[in-house]
Amino acid sequence: MNLNLRNAVISNVSSSNQEQLKDTIVDAIQRGEEKMLPGLGVLFEVIWNNADTNEQHMMLETLEKGLKH
């Protein structure tokens, strides 16, 4: 069985509105289950690929700050 995780995650959330996307992200984080991490990674990849250079820089600053706490 050949499972393309990226396509599966994107297919599962492609029709979601912002509130549903937020609920999906918050739920995955609150559950803290390792199996949710790849899906969050796919969502981050979509965000990163659709962000301009300034937005990417802001994300990196936020990530760096968060990792230092």
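Could you work out how far apart the two model spin labels at residue 53 and residue 69 are, taking each label as a point 7 Å from the Cα in the direction of the beta carbon, and quote it in nm? Rounded to a tenth, the inter-label distance reads 2.9 nm.
At an R0 of 22 angstrom, the distance between the Cβ atoms of residue 37 and residue 17 translates into a FRET efficiency of 0.40. Across the chain, how large is the tail of the calculated P(r) beyond 13 Å, expressed as a percent of all Cα pairs? So the portion of pairs separated by more than 13 Å is 72 percent. Length gained on full extension, residue 7 to residue 28, computed as 0.36 nm times the residue gap minus the Cα-Cα distance: 5.8 nm. Within the shell of other residues whose beta carbon sits under 15 angstrom from the beta carbon of residue 26, the net charge comes to -2, with Lys and Arg scored +1 and Asp and Glu -1.
Every number in this text was worked out from the coordinates using simple rules, so none of it is lab data. This structure is a prediction, so every number in the text was calculated from the model and none was measured. We place every Cβ from the backbone using ideal geometry, glycine too, and count neighbours over all the protein chains shown.
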